[in-house]
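Colleague: My questions all concern the structure below.
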Amino acid sequence: MNALDLGVNLFVALFALVDPIGNIPIFAAATTGASARQRLSVSALICVFIAVFLAFFFFTGLWLLQFFGISLAAFRIAGGILLLLLGLDMTRGDFLTMFADADAAADAKDVRGYAQRRFKRLIVPFAMPLLIGPGAISTIIIQAGEAQKLGYAGTVAGMLAIGAAAFATFVTFSATAPISRVLGDVGMAIIVRVLGLILCALAIQFILAGLGEALPGMFATGVTAPYPTGGH
């Protein structure tokens, strides 16, 4: 694998795992009543956080896991449990209401203050672990090991892929207003529930993969890794 392949593979994997398109309904609910500038500001803060957080794990992820004595298997299991709880919340009840509150009706001219308040509220559980979940972090840590083999070129390719994934997320969230108008409240609620079901299945897959690594032979290969990933 060369640096270009690593960068392209990492970008595609991160964009799929962050899934900004699938998370548009939640972002729309979290910024209900916001002006275009306010929504853009919130989106920018979230995407900067994504880039910084992923870059942090790109450089320190392997060391952090080793420092705390945490195996990648244990990390996947813990992350899978968090995702499972979040997915269950999304499939029952009106999940979108937890992101909307009175602050949504704030002064349209208060761009910076609104963005900061929304960002603080959305760090958990939206930015983490919904956008940046165990899948994205695990992918970053694994690809960081590949980047080390390529030296400086690998590091540059990895950072460009992270920046591109964050920027693509920003562009996607910037189109929230027209997309939410087309879908409507009912359409967004349906998408969130379907996304919650997928998230539950993804969480179970992470848990099974972690258990498969921790207890070799406990599960068939087709259960822990049903589809070849081609190096992702």
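Colleague: Among the residues of the stretch 210-222, is there at least one that is touching a Gly at 6+ places or on another chain (Cβ under 7 Å), at negative phi and modelled with pLDDT of 80 or more?
Modeller: As a first pass, look at the stretch 210-222 and keep what is touching a Gly at 6+ places or on another chain (Cβ under 7 Å): 210, 218-219.
Next, from what is left, pick out any that are at negative phi: 210, 218-219.
Going one step further and asking which of them are modelled with pLDDT of 80 or more, we end up with 210.
Yes - at least one qualifying residue is present in the stretch 210-222.
Colleague: How many residues are assigned to a helix (DSSP H, G or I) and either within 12 Å of ILE132 (Cα to Cα) or at pLDDT 95 or above (or both) when one looks only at the stretch 14-28? Before the answer, list the steps.
Modeller: Of the residues in the stretch 14-28, the ones assigned to a helix (DSSP H, G or I) are 14-18, 24-28.
Pick out the ones that are also either within 12 Å of ILE132 (Cα to Cα) or at pLDDT 95 or above (or both) and you get 14-18.
Summing the residues that are assigned to a helix (DSSP H, G or I) and either within 12 Å of ILE132 (Cα to Cα) or at pLDDT 95 or above (or both) in the stretch 14-28 gives 5.
Colleague: Being in contact with a Gly (Cβ under 6 Å, 6 or more places away or on another chain), over 15 Å from ALA144 (Cβ atoms), open to solvent by 40 Å² or more (accessible area, probe 1.4 Å) and at pLDDT below 90 is true for just one of ALA100, ALA105. Which residue is that?
Modeller: Numbers: ALA100 fails: in contact with a Gly (Cβ under 6 Å, 6 or more places away or on another chain).
One residue alone meets the criteria, ALA105.
Colleague: Anything in the stretch 29-54 that is at pLDDT below 85 and assigned to a helix (DSSP H, G or I)? List them, or say none.
Modeller: Of everything in the stretch 29-54, those that are at pLDDT below 85 and assigned to a helix (DSSP H, G or I) turn out to be ALA29, ALA30.
Colleague: A further question follows. Test ALA13 against the stated conditions and say whether it is out of contact with any Lys or Arg (no Cβ under 8 Å at 6 or more places or on another chain), over 29 Å from LEU211 (Cβ atoms) and crowded, with 17+ Cβ neighbours inside 10 Å.
Modeller: Working: out of contact with any Lys or Arg (no Cβ under 8 Å at 6 or more places or on another chain): yes; over 29 Å from LEU211 (Cβ atoms): no; crowded, with 17+ Cβ neighbours inside 10 Å: yes.
So ALA13 fails the test.
Colleague: Filter the stretch 144-201 for residues that are of a type in the set (Ser, Thr, Tyr) and over 15 Å from the mean Cα position of the chain (by Cα); which is surrounded by the fewest Cβ atoms within 10 Å (Cβ to Cβ)?
Modeller: Per the criteria, the residue is TYR152.
Colleague: Take the stretch 60-84 and flag every residue that is surrounded by fewer than 16 Cβ atoms within 10 Å (Cβ to Cβ) and either without any contact (Cβ under 8 Å) to a residue 40 or more places away in the chain or aromatic (Phe, Trp, Tyr) (or both).
Modeller: Passing the criteria: THR60, TRP63, LEU64, GLN66, PHE67, PHE68, GLY69, ILE70.
Colleague: Let me ask something else. Taking into account only those residues within the stretch 172-214 that are in contact (Cβ under 8 Å) with a residue 12 or more places away in the chain and of a type in the set (D, E, K, R), which is nearest to ILE81 (Cα to Cα)?
Modeller: Only one residue tops the list, namely GLU213.
The values are calculated or read from the model by the stated rules, or taken from the named source; none is laboratory data. Predicted model only: the values in this text are computed from it and were never measured. Here the Cβ is made from the backbone with ideal geometry for all residues, glycine too, and neighbour counts use every protein chain on show. SASA here: full protein model, heavy atoms, side chains in, ligands and nucleic acids out. Shrake-Rupley method; radii C 1.70, N 1.55, O 1.52, S 1.80 Å.
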